[in-house]
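Structure record follows, encoded as structure tokens.
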């Protein structure tokens, strides 16, 4: 508009990703909306009536929405108004839906949210290269520690080729999602997101069990799995929020629900298989004796800790026999 001082309001037609597809200046009231060509704002939607709604100020200067002869009515900030109903719109504007068309009404008195800082304005290749190098070092050390002495070179192929291909494929898939929702192939933005989170996961899985063994704290070993799940959930949340920045609460709720469901299923499966909710500490590769920071445990302590094992095994045997007897009885009947 050449003279913005004459703009009374602005109506933005939103696309499916929440972006503004078209903006229409409002320079006089009343404003009519509908499919007929004599409306101020024409909506080419078969779910919109010919004269669907009207916007006009009342005697007190408040903007009022009046629904016309419409079977579908109007959604005002999620609340449905039927034909003939009216509603005073808030001074800050409102989100309207007529048929399948979503409109955002912005008024002159609309309070503006603070400017959001662009996190990924620069991709910082030096920082990304450093993170990639640290990730490679951590994974190399972890692979070297877990491999048997004299292992064939093929044992290193997953690290040399599997990891880069997995990261490239993962970021490429998310870049396609960005192309769908944000109309840009943001491969480097997702790569910058992935690297620090994957590095954190590798550090947890590589050093937390070793630290637990050195200090004789089994809890640290048991924490490695849930901490890894939390880090992966945060990575998923960060990537979804990067693609859908306007739906932060929905993204957070969805990721939290998935993480809780996955955790519940994992705990139920573990309890079914082991009759406990935590895995017994076990490491395929023990830390070096020089790294052991706690004192030695006497053999008698090990014997005493294994004393309840006899009764636990006996209970499992009795339970298995009861199940077998019930199945035999059902088969006979």
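The values are calculated or read from the model by the stated rules, or taken from the named source; none is laboratory data. Values in this document were obtained by computation on a predicted structure and should not be read as measured data. So basically every Cβ, Gly included, is an ideal-geometry build from the backbone, and we count neighbours across all protein chains shown.
Here is a check on your reading of the model: is residue 229 in the same structural domain as residue 180 (by TED's automatic domain parsing) and surrounded by 10 or more Cβ atoms within 10 Å (Cβ to Cβ)?
Yes: the conditions hold for residue 229.
Report whether or not residue 257 is surrounded by fewer than 15 Cβ atoms within 10 Å (Cβ to Cβ) and part of a loop (DSSP other than H, G, I, E, B).
Against the criterion (surrounded by fewer than 15 Cβ atoms within 10 Å (Cβ to Cβ) and part of a loop (DSSP other than H, G, I, E, B)), residue 257 does not qualify.
Could you tell me which of the residues 72, 39 is over 23 Å from residue 8 (Cβ atoms), at pLDDT below 95 and buried (at least 17 other Cβ atoms within 10 Å of the Cβ)?
Testing whether each residue is over 23 Å from residue 8 (Cβ atoms), at pLDDT below 95 and buried (at least 17 other Cβ atoms within 10 Å of the Cβ) leaves just 72.
Please work out which residue is nearest to the chain's Cα centre (by Cα), limiting yourself to the range 267-280 and to residues that are surrounded by fewer than 15 Cβ atoms within 10 Å (Cβ to Cβ) and in contact (Cβ under 8 Å) with a residue 24 or more places away in the chain.
Step by step, filter the range 267-280, then rank; the result is 279.
One line per residue, one yes/no per condition, for (1) at pLDDT 85 or above; (2) more than 29 Å from residue 215 (Cα to Cα); (3) in a helix (DSSP H, G or I):
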| site | (1), (2), (3) |
| --- | --- |
| 230 | yes, no, yes |
| 246 | no, yes, no |
| 265 | yes, yes, yes |
| 273 | no, no, yes |
| 293 | no, no, no |
| 300 | no, no, yes |
| 310 | no, no, yes |
| 316 | no, yes, yes |
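Mind listing whichever residues of the range 134-148 are touching a residue at least 40 places away in the same chain (Cβ under 8 Å) and exposed (fewer than 15 other Cβ atoms within 10 Å of the Cβ)?
The answer is 141, 145, 146.
Just to check your reading of the model, which residue among 91, 151, 83, 113 is touching a strand residue (DSSP E or B) at 6+ places or on another chain (Cβ under 8 Å), in a loop (DSSP other than H, G, I, E, B), more than 20 Å from residue 201 (Cβ to Cβ) and modelled with pLDDT under 85?
After ruling out the rest, the residue left standing is 91.
Check the range 156-176 and report whether any residue there is touching a helix residue (DSSP H, G or I) at 6+ places or on another chain (Cβ under 9 Å), farther than 24 Å from residue 130 by Cα and touching a residue at least 12 places away in the same chain (Cβ under 8 Å).
No, that holds for no residue.
Look at residue 233 and say whether it is touching a residue at least 24 places away in the same chain (Cβ under 8 Å) and under 22 Å from residue 200 (Cα atoms).
yes
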